[in-house]
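Report on the structure given below.
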Amino acid sequence: MGTVCELTGLSERRIRYYEERKLIFPDRTSTGFRKYSFSDIEKLMDIAEKVEEGVQTDEIRRDYKKKETDADLKKKMIRGQLNSHFQRSGFK
């Protein structure tokens, strides 16, 4: 966690708070230690910036959920288009 604090400029308490607020979901080792990915670190920095700008954590969470929903929808649409293309081309 120390390295993540150094990279983000956030305290351990602040990082845990963001986790408690369901803004970040780091993986865990078999012994329960948090494992932060590069994506997690980028997200922490983004969250901290938004909080600094006065955005509430509930609003940040809603924004992330919407982005995830939009990304899932886009993936489904692309998958459907690819399936349709392959079916028309005779691929299975």
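Side notes on the structure shown:
- Failed condition for Ser30, given (1) surrounded by 10 or more Cβ atoms within 10 Å (Cβ to Cβ); (2) among the polar types (S, T, N, Q); (3) not in a helix (DSSP H, G or I): (1)
Per-residue answers, yes or no, for (1) touching a Pro at 6+ places or on another chain (Cβ under 6 Å); (2) polar (S, T, N, Q); (3) modelled with pLDDT under 95:
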{"position": "Met1", "(1), (2), (3)": "no, no, yes"}
{"position": "Val4", "(1), (2), (3)": "no, no, no"}
{"position": "Ile15", "(1), (2), (3)": "no, no, no"}
{"position": "Thr29", "(1), (2), (3)": "no, yes, yes"}
{"position": "Glu42", "(1), (2), (3)": "no, no, no"}
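- For region 53-65, the criterion of being surrounded by fewer than 10 Cβ atoms within 10 Å (Cβ to Cβ), more than 17 Å from the chain's Cα centre (by Cα), in a helix (DSSP H, G or I) and among the acidic types (Asp, Glu) is satisfied by no residue at all.
The values are calculated or read from the model by the stated rules, or taken from the named source; none is laboratory data. Since we're looking at a predicted model, the values are computed, not measured. Cβ sites come from the backbone with ideal geometry, for glycine too, and all protein chains shown count toward neighbours.
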